[in-house]
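Participant: After the structure tokens below, expect a handful of questions from me.
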Amino acid sequence: MKIDEVRKVFLKYFEKNGHTIVPSSGLIPRKDPTLLFTNAGMNQFKDVFIGEDVRNYKRAVSCQKCLRAGGKHNDLENVGFTYRHHTFFEMLGNFSFGDYFKKDAIRFSWELLTKEYKIPVDRLYVSVFKEDDEAYDIWLKDIGIPKEKIFRMGEKDNFWSMGDTGPCGPCSEIFYDHGTGHGCKKPKCTIGCDCDRFVEIWNLVFMQFNRDEKGKLTKLPKPSIDTGAGLERLSAVMQGVASNYDIDLFKELKKEIEKEASIPLTNKKVESSYNVIADHLRSIAFLISDGCLPSNEGAGYVLRRIIRRAIRHGKIIGFESPFLYKKIGKVADIMGDAYPELIKTRKEIEKVVKIEEEKFFETLDKGLLILEKEISLVGSGKTLNGDIAFKLYDTYGFPLDLTEMLCKERGVTVDRDGFNKEMERQKDMARKGSSFSSKKEMSFDQDLLSKEIKAKNIKPTEFTGYDSTSSKAKCLYIIKNNEFVPNISSGDNAILIFNKTPFYAESGGQSCDAGLIKSGSTSVGQVTGVIKPLNGVYLHMIKANSKIDAGKEYDLEIDSRRRNLIKRNHTATHILHYLLRKHLGSHIKQSGSSVDSDMFSFDFNHYEAIPHDVICKIETEFNELILASDDVITEIMNYKDAVKSGAIALFDEKYDEKVRVVHVGNYSTELCGGTHVKNTSEIGVFIIESEFSIGSGFRRIEATTSIEAYKSLAGDSGLILSLINKTKSTREEFVDKIIRELDENKTLRKEIEKIKSGSAKNIIDELIKNAKSIKSVKFIYAQLGELGAKELRESAEYIKNQLNNVAMVIYADSENKISVVTAVSKSLTSKIMANEIMKIISAEAGAKGGGTADFAQGGGGDISKLKSLEKKIEALIIDKTGE
């Protein structure tokens with residue numbers, strides 16, 4: 001039975017038995033900061049199990065995309081070298097939320113395995129928690145398993161917990177016996193042996209207790225079921241193979257890889273490398289299709305490590321240039337029926353992978369040469385210094401585990417502590433250079449108020465702001481200095497809770513409304529902020545103009561002008577999202593936004609800057625859609641129906657069963673609780689003010705609409721008129737005249753540079769002649785007058801061509817612009833690195849820059865501090881060369 005059929009049979013069996021088929025959630029858990037990746041089928045039901053979410057079904061079945069390659073659940077180093085470890089895998093599972101319990105869970109599993117999959121009964125064994133007599137008796141008496149095939153195990157193996165506290169319970173595992181020809185082949189081999197003979201194929205968790213802070217267990221009022229069966233393991237059983245890598249899916253992938261490899265799959269020495277690449281291809285494809293892009297932190301860093309590990313194993317089988325991106329199509333072909341997102345995003349995945357491969361192949365060979373040299377110097381059985389491992393990471397992009405793997409192959413360990421110290425030192429330097437400051441703390445304790453709201457059982461606030469800009473509402477509670485009070489006086493800052501409100505609370509990236517609280521025609525308070533931290537209760541932050549009493553009715557009026565500006569900007573984010581997906585690809589997903597009255601920002605995943613011509617197209621098409629006067633329609637729908645209809649559910653929002661759907665024309669449909677215009681014509685004008693990177697794999701667009709966009713255009717027009725007047729030209733002549741003057745300036749500058757360079761050459765020749773000798777290294781540290789950055793670069797190249805084994809720092813101050821170049825002969829880069837010297841200059845003198853092992857460039861900083869660093873750099877060279 002092929003893997004696709006195994007998946008279908010599982011889902012259909014449980015659907016037939018009253019379970020709702022729930023689609024897999026994404027690999028990146030958007031609302032669970034405790035997880036880097038989705039690593040189990042129950043992750044998407046966590047809130048249901050702990051009582052914070054209610055679904056309209058009590059039985060569920062799913063096939064969940066999972067990944068274990070970072071954090072506590074990290075299988076990366078074992079992947080490819082064992083029968084069953086994977087980074088990406090699929091977890092089959094059935095779930096009961098207070099419905100059936102142990103008896104039915106055990107019956108379902110046994111019936112499916114033995115009747116539907118027809119697995120021989122004599123090959124199956126089970127384990128139970130040692131104190132779980134109930135489960136033991138069900139297996140023994142109801143199912144009829146002989147007692148010698150039921151094993152009682154301890155808490156480590158057969159008791160599951162969601163965390164240190166919370167829901168937990170015993171579990172029962174089902175094992176498949178591959179037979180005496182497998183594993184350790186010892187006569188007494190049984191369940192619990194570390195060999196590969198007995199394989200766990202299904203784990204049934206009986207969630208029946210709650211554990212408190214003291215470790216005390218109390219019975220849950222509604223016990224639940226959470227089960228997990230690895231699809232790849234189950235498929236291996238159904239296909240009669242011991243290794244997951246021998247099932248149909250991996251066979252196809254490995255054959256595809258073999259087509260262009262130099263060493264064939266029949267060579268057993270490279271079998272693990274084929275397994276690694278096949279496994280990692282799935283992880284790469286699924287992570288990128290879920291919006292993850294390679295970066296140097298978080299999930300993106302794990303993706304980068306996986307790609308680079310696959311490249312390393314590709315080199316083992318003969319790949320010397322990018323190859324992974326060519327195999328993405330095969331993953332989509334094999335798994336696209338079950339996961340259509342792979343087919344939709346195939347081209348984008350290929351492009352991202354190709355870019356990442358090209359980057360790594362550029363530096364891989366250099367890094368390998370350095371590592372091989374260092375390993376040979378260390379010798380087998382010794383330890384590679386952490387600073388060398390960090391240099392490989394920082395300069396050549398070698399993840400630590402790749403360095404460790406290469407060292408392990410040669411009997412060398414890596415000093416992880418030393419690596420971590422270097423990493424921390426770099427972070428400290430980055431923090432010192434950062435201009436960001438932490439956000440001011442709120443003037444009230446949000447966590448404390450949330451607890452009080454929960455304790456008082458305060459009902460959710462009725463929001464009337466979709467249909468009106470004012471409401472008569474009763475003031476239910478007043479909170480001042482984190483305490484509930486009966487009233488406040490003029491000048492007091494406080495939080496008010498009303499039974500209903502027209503004020504939109506800050507959420508989904510949209511800023512809150514502002515406005516007034518009135519008693520009759522008199523303003524008694526100004527609303528400056530609105531949030532809803534818990535259970536839909538709106539907290540109005542206000543400054544009182546006169547006495548306000550709890551229990552009284554007041555008129556609430558929002559600032560309509562501000563609301564209208566925000567509405568225009570919010571609808572604009574939806575149109576921009578649509579146009580970005582249209583022009584850049586369907587991989588584009590909103591990762592954040594900030595919608596205010598004067599502008600909005602839109603964050604999204606993308607791997608490169610947007611070309612200027614594409615930005616112009618997006619701007620033009622956007623304004624055409626404004627002129628088209630398309631209606632903006634909202635409706636309430638069932639969440640599942642909305643998503644099925646094509647509505648986009650955004651980054652980290654949590655949706656109820658009933659959702660608000662916003663349609664813009666016939667081209668944009670998104671789930672959104674924000675406020676919007678009724679027609680696109682209300683937006684007026686749209687301008688993209690800027691587009692830039694906010695981190696590896698993520699970009700931000702800042703834009704304006706309406707009056708702010710008009711002001712931006714008017715400002716640009718005024719600037720152009722001013723320049724026309726200054727250049728004494730007309731609109732028609734203006735651009736040509738500016739270009740001519742720039743060309744003339746360029747020619748004059750070149751003449752000046754020639755004069756400067758001529759005088760500088762004499763100085764440089766003197767520096768070469770008098771270069772300080774530190775044994776085999778020539779050292780130069782000097783200021784070269786008023787040379788610009790380009791001339792400094794050329795001077796460094798000239799010096800390197802004239803001297804062997806040279807390390808230099810040369811700098812200049814041209815028109816109050818400080819430029820710095822550090823350069824090292826390539827023969828020295830295994831010991832001394834130009835970018836390492838530049839980091840010291842950055843930290844000590846404030847210059848900003850970077851580069852490669854043999855050349856780095858920077859600018860800015862304090863020239864007096866730069867002058868004083870010569871001895872420190874000289875000491876570094878002495879230390880690094882061991883002289």
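Participant: Do you know which of the residues in the range 126-148 that are under 43 Å from the mean Cα position of the chain (by Cα) and not in a strand (DSSP E or B) is surrounded by the fewest Cβ atoms within 10 Å (Cβ to Cβ)?
Facilitator: Across the range 126-148, the extreme among qualifying residues is 131.
Participant: Among the residues of the range 337-385, how many are more than 23 Å from residue 423 (Cα to Cα) and of a type in the set (A, V, I, L, M)?
Facilitator: 8
Participant: A further question on this structure: With 241, 302, 237 as the choices, which residue is on the phi < 0 side of the Ramachandran plot, open to solvent by 10 Å² or more (accessible area, probe 1.4 Å) and either in contact (Cβ under 8 Å) with a residue 60 or more places away in the chain or of a type in the set (D, E, K, R) (or both)?
Facilitator: Just one listed residue meets the conditions, 237.
Participant: Quick test of your reading of the structure: residue 551 fulfils all but one of (1) closer than 22 Å to residue 344 by Cβ; (2) touching a Pro at 6+ places or on another chain (Cβ under 9 Å); (3) assigned to a loop (DSSP other than H, G, I, E, B). Name the failing condition by number.
Facilitator: (1)
Participant: Restricting to the range 478-495, give me the number of residues that are open to solvent by 70 Å² or more (accessible area, probe 1.4 Å) and either touching a residue at least 60 places away in the same chain (Cβ under 8 Å) or small (Gly, Ala, Ser) (or both).
Facilitator: The number of residues fulfilling the criteria is 2.
Participant: Pull up the range 521-579, narrow it to residues that are farther than 22 Å from residue 472 by Cβ and modelled with pLDDT under 95, then point me to the one that is most open to solvent (accessible area, probe 1.4 Å).
Facilitator: 535
Listed here are the residues, each with its yes/no results for (1) assigned to a helix (DSSP H, G or I); (2) open to solvent by less than 50 Å² (accessible area, probe 1.4 Å); (3) in contact with a Leu (Cβ under 6 Å, 6 or more places away or on another chain).
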site: 797; (1), (2), (3): yes, no, no
site: 809; (1), (2), (3): no, yes, no
site: 812; (1), (2), (3): no, yes, yes
site: 827; (1), (2), (3): yes, no, no
site: 864; (1), (2), (3): yes, no, no
site: 873; (1), (2), (3): yes, yes, no
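Participant: While we're looking at this one, here's another question. Restricting to the range 685-717, name every residue that is small (Gly, Ala, Ser) and either touching an Asp or Glu at 6+ places or on another chain (Cβ under 7 Å) or open to solvent by 40 Å² or more (accessible area, probe 1.4 Å) (or both).
Facilitator: 690, 693, 696, 703, 712, 714, 715, 717 - these are the residues of the range 685-717 that are small (Gly, Ala, Ser) and either touching an Asp or Glu at 6+ places or on another chain (Cβ under 7 Å) or open to solvent by 40 Å² or more (accessible area, probe 1.4 Å) (or both).
Participant: Kindly indicate whether any position in the range 862-878 is basic (Lys, Arg), closer than 30 Å to residue 371 by Cα and modelled with pLDDT under 90.
Facilitator: The answer is no, given that none of the residues of the range 862-878 is basic (Lys, Arg), closer than 30 Å to residue 371 by Cα and modelled with pLDDT under 90.
Participant: Would you confirm whether any residue within the range 168-184 is in contact (Cβ under 8 Å) with a residue 12 or more places away in the chain, charged (D, E, K, R) and open to solvent by 50 Å² or more (accessible area, probe 1.4 Å)?
Facilitator: Within the range 168-184, none of the residues are in contact (Cβ under 8 Å) with a residue 12 or more places away in the chain, charged (D, E, K, R) and open to solvent by 50 Å² or more (accessible area, probe 1.4 Å).
Participant: With respect to the numbered conditions (1) within 30 Å of residue 661 (Cβ to Cβ); (2) touching a Phe, Trp or Tyr at 6+ places or on another chain (Cβ under 9 Å); (3) touching a residue at least 24 places away in the same chain (Cβ under 8 Å), which one is the sole condition not fulfilled by residue 512?
Facilitator: The failed condition is (3).
Participant: Among all residue pairs at least 6 apart or on different chains, which show Cβ distances below 7 Å where the first residue, located in the range 338-362, is open to solvent by 80 Å² or more (accessible area, probe 1.4 Å) and of a type outside the set (D, E, K, R) and the second is assigned to a helix (DSSP H, G or I) and at pLDDT 95 or above?
Facilitator: 343/332
Participant: State which residue pairs qualify: first residue free of Cβ contacts under 8 Å to residues at least 60 places away in the same chain and within 18 Å of residue 284 (Cβ to Cβ) and inside the range 253-266, second residue in a loop (DSSP other than H, G, I, E, B) and of a type in the set (Gly, Ala, Ser) in any location, beta carbons under 9 Å apart, and separation of 6 or more residues or different chains.
Facilitator: Note: pairs meeting the criteria are 261/318.
Participant: Of the residues 165, 114, only one is of a type in the set (Val, Ile, Thr), under 38 Å from the mean Cα position of the chain (by Cα) and surrounded by fewer than 18 Cβ atoms within 10 Å (Cβ to Cβ); which?
Facilitator: Going through 165, 114 in turn, the sole match is 165.
Participant: Could you check the range 377-394 and list, in sequence order, the residues that are open to solvent by 30 Å² or more (accessible area, probe 1.4 Å) and either under 28 Å from the mean Cα position of the chain (by Cα) or among the charged types (D, E, K, R) (or both)?
Facilitator: Result: 382, 387, 393, 394.
Participant: When the range 580-600 is examined, which residues are found to be open to solvent by less than 10 Å² (accessible area, probe 1.4 Å) and within 17 Å of residue 686 (Cα to Cα)?
Facilitator: Passing the criteria: 580, 595, 600.
Participant: Any residue in the range 791-808 that's closer than 16 Å to residue 777 by Cβ: show its pairings with residues that are surrounded by fewer than 17 Cβ atoms within 10 Å (Cβ to Cβ) and basic (Lys, Arg) at Cβ separation under 7 Å, as long as the two are six or more apart or on different chains.
Facilitator: The qualifying pairs do not exist here.
Participant: Whether any residue in the range 305-325 is at pLDDT 90 or above, among the small types (Gly, Ala, Ser), farther than 21 Å from residue 406 by Cβ and buried (at least 21 other Cβ atoms within 10 Å of the Cβ) is what I want to check.
Facilitator: no
Participant: Additional query: All but one of (1) assigned to a helix (DSSP H, G or I); (2) without any contact (Cβ under 8 Å) to a residue 60 or more places away in the chain; (3) open to solvent by 10 Å² or more (accessible area, probe 1.4 Å) hold for residue 843; state the number of the condition that does not hold.
Facilitator: So the condition that residue 843 fails would be (2).
Participant: So residue 729 fits all but one of (1) more than 30 Å from residue 536 (Cβ to Cβ); (2) open to solvent by 50 Å² or more (accessible area, probe 1.4 Å); (3) not in a strand (DSSP E or B); what number is the exception?
Facilitator: (2)
Participant: Among the residues of the range 185-218 satisfying the criterion of being under 33 Å from the mean Cα position of the chain (by Cα) and farther than 18 Å from residue 129 by Cα, which is most open to solvent (accessible area, probe 1.4 Å)?
Facilitator: Once the filter is applied, the top-ranked residue is 213.
Participant: Do we find that residue 277 is at pLDDT 95 or above, buried (at least 20 other Cβ atoms within 10 Å of the Cβ), hydrophobic (A, V, I, L, M, F, W, C) and under 26 Å from residue 263 (Cα atoms) in this structure?
Facilitator: Against the criterion (at pLDDT 95 or above, buried (at least 20 other Cβ atoms within 10 Å of the Cβ), hydrophobic (A, V, I, L, M, F, W, C) and under 26 Å from residue 263 (Cα atoms)), residue 277 qualifies.
Participant: Could you please find all residues in the range 253-312 being closer than 28 Å to residue 38 by Cα, touching a helix residue (DSSP H, G or I) at 6+ places or on another chain (Cβ under 9 Å) and not in a helix (DSSP H, G or I)?
Facilitator: Listed by number, the residues that qualify are 290, 292, 293, 294, 295, 296.
Participant: Sticking with this one: Test each condition in (1) open to solvent by less than 50 Å² (accessible area, probe 1.4 Å); (2) under 30 Å from residue 210 (Cα atoms); (3) of a type in the set (Lys, Arg) for residue 254 and report the one that comes out false.
Facilitator: (2)
Participant: Considering only the range 69-84, how many residues are open to solvent by less than 60 Å² (accessible area, probe 1.4 Å) and either at pLDDT 85 or above or more than 23 Å from the chain's Cα centre (by Cα) (or both)?
Facilitator: Qualifying residue count for the region: 4.
The values are calculated or read from the model by the stated rules, or taken from the named source; none is laboratory data. Just so it is clear, the structure is predicted and the values come from calculations on it, not from any experiment. Here the Cβ is made from the backbone with ideal geometry for all residues, glycine too, and neighbour counts use every protein chain on show. The accessibility values were calculated without ligands, DNA or RNA, using every heavy atom of the protein model including side chains. Shrake-Rupley method; radii C 1.70, N 1.55, O 1.52, S 1.80 Å.
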